[in-house]
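> Okay, handing you the structure first.
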Amino acid sequence: MSPRKPLNTKEITELLSKLKAETPDYPSELMAAKKAAFLKQAVNIKIDQTGQGGQHGGSGGSGGSGAVLGGGTVPGVLLQALIGITVVTALLLAAYAYRDQLGNGSGDNSVVVQEVVAISSPLAPETVTTIPSSITPELTASPIIGTPTLSVLDETSINGASVVEESQSDNGTPNAINTDNGLHLGQTPGTPAVPGQGNSGNPNKPDKPDKPDKPDKPKKK
Amino acid sequence: MKDESALLNAVVSLDQDALASVFDEYAPAIFKYLLRLGIGSQEADQITGDVFVRLLEKIKEGKGPQKNLRSYLFQTAYHLVVDQSRERQRITTLDMADTVVQDSQPVSAMAEDKLLLEKLAKIMERELTEEQTNVIVLRFQEDFSLKETAEIVGKNINAVKALQNRGINKLRDAMSRENGGE
């Protein structure tokens, strides 16, 4: 075969057109299967669309946009925008009108302090209240005048509270049993403060407790 | 033109007759277009089905074709081909020259023309880029205009012209080499 002359552009395009005719056709069985599947899917989509209450528009011969009513049409978009603006404005007005309540409601962070009630003794239930830290507790003592006397009290019910008998230690000092409920039952009331008797004339100043009696020294003969 | 508009409206309205008519008319053309791009018949069948499925999905979304249904369907096919070629290296199962010889040997074609067509098909597959092949096939085998081709491949008309000219020049040079002209 003799070498041919180079092809020009027109000949190339003509060959391309001829090549077009050589392409095999779509096999009919494959095409039929694809067509059936295509039409079936179209039916399903149409059923879905009608099932949604006919929300889809696009009919009416205006180009078939297929826009959803209320979402794709211009009046629908405007209506949605108007509703949205109205709702936001109403919320803002309500927030402004009730701004005080909103402010107070948000600051309710008070701590709930539980009151602790302690029973100091089984005799007289007392309510322990917290003393404010600004108040300095002032200690007061009841003056003990004279020699402590041993008084034994039987358990006596006073106002429903039992009184435990006082005791005295071996060295003669009274044991400070914390039974002072403020009643001072059975005790001699203290005498008023007298200047020169150990309280420096200040009736509010507690007297010094008397020293216990010293044992008598044997006299030198 | 009026028929095209009426057909589009019927398609968008999911009219069964219109859809069947569109499938009968364009499915074989798309199948052939895919074969001309060097895609195997099995894959071409799959992509052809996908093109029409995509059409229904777009109609459902309200984004169906507005005009020129044929261009729209070829454009969809083109995008599917590009997507697939990006995903994996395409194994060409179709030798177009073999197709020419085995499947349909035109009685009218002369033996010399047959030889030329075989060469041309092989050169297209071997020498042209994917974009050049697409433009050449769309322009000279599917008979789309420059504007339509530009819309399908998503380029402007000048770019399509450049791709077309480079493709034709490559084919011409390669054919000349094969024929021993140079």
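The values are calculated or read from the model by the stated rules, or taken from the named source; none is laboratory data. Since the model is a prediction, treat every value here as computed from it, not as a measurement. Cβ coordinates were reconstructed from backbone atoms using ideal geometry, including for glycine residues, and neighbour counts include every protein chain displayed.
> Considering only the range B:13-41, state which residues are part of a helix (DSSP H, G or I), surrounded by fewer than 22 Cβ atoms within 10 Å (Cβ to Cβ) and modelled with pLDDT under 90.
B:S41
> Let me ask another. Write out, first by first residue and then by second, each pair whose Cβ atoms fall under 9 Å of each other, whose residues are 6+ apart or on separate chains, and whose first residue, in the range B:8-33, is more than 7 Å from chain A (Cβ to nearest Cβ) and within 28 Å of B:N134 (Cα to Cα) while the second is among the aromatic types (F, W, Y) and assigned to a helix (DSSP H, G or I).
As it stands, the answer is B:V22/B:F52; B:Y26/B:F52; B:Y26/B:F74; B:A29/B:F74; B:I30/B:F52; B:I30/B:F74; B:Y33/B:F74; B:Y33/B:Y78, since those pairs meet every condition given.
> If B:S5 meets every condition in (1) outside any loop (DSSP other than H, G, I, E, B); (2) small (G, A, S); (3) more than 19 Å from A:Q49 (Cβ to Cβ); (4) more than 9 Å from chain A (Cβ to nearest Cβ) apart from one, which number is that one?
Here B:S5 clears every test but (4).
> Inside the range A:73-91, can you point out the residues that are assigned to a helix (DSSP H, G or I) and either within 27 Å of the chain's Cα centre (by Cα) or polar (S, T, N, Q) (or both)? Let's see the steps before the verdict.
Of the residues in the range A:73-91, the ones assigned to a helix (DSSP H, G or I) are A:74-91.
Answer for the range A:73-91, where residues must be assigned to a helix (DSSP H, G or I) and either within 27 Å of the chain's Cα centre (by Cα) or polar (S, T, N, Q) (or both): A:Q80, A:T86, A:T89, A:L91.
> Residue by residue through the range B:44-66, note down the ones that are under 19 Å from the mean Cα position of the chain (by Cα) and either at the interface with chain A (Cβ under 8 Å from one of its Cβ atoms) or modelled with pLDDT under 90 (or both).
Our first condition is that a residue be under 19 Å from the mean Cα position of the chain (by Cα); within the range B:44-66, this holds for B:44-55, B:65.
The answer is B:D45, B:T48, B:G49, B:F52, B:V53, B:P65.
> Moving on. If we scan the range B:122-137, do we find a residue that is in contact (Cβ under 8 Å) with a residue 60 or more places away in the chain, over 15 Å from A:I12 (Cα atoms) and hydrophobic (A, V, I, L, M, F, W, C)?
Looking through the range B:122-137, none of the residues is in contact (Cβ under 8 Å) with a residue 60 or more places away in the chain, over 15 Å from A:I12 (Cα atoms) and hydrophobic (A, V, I, L, M, F, W, C).
Quick grid of which residues meet (1) within 12 Å of chain A (Cβ to nearest Cβ); (2) touching a residue at least 60 places away in the same chain (Cβ under 8 Å); (3) in a loop (DSSP other than H, G, I, E, B); (4) among the acidic types (D, E):
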| site | (1), (2), (3), (4) |
| --- | --- |
| B:E142 | yes, yes, yes, yes |
| B:T149 | no, no, no, no |
| B:A162 | no, no, no, no |
| B:N165 | yes, no, no, no |
| B:I168 | yes, no, no, no |
| B:R172 | yes, no, no, no |
| B:R177 | yes, no, no, no |
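> Only residues that are assigned to a loop (DSSP other than H, G, I, E, B) and at the interface with chain B (Cβ under 7 Å from one of its Cβ atoms): list them for the range A:9-31, please.
Step one: filter the range A:9-31 for residues assigned to a loop (DSSP other than H, G, I, E, B), giving A:22-27.
Matches in the range A:9-31: A:E22, A:T23, A:P24, A:D25, A:Y26.
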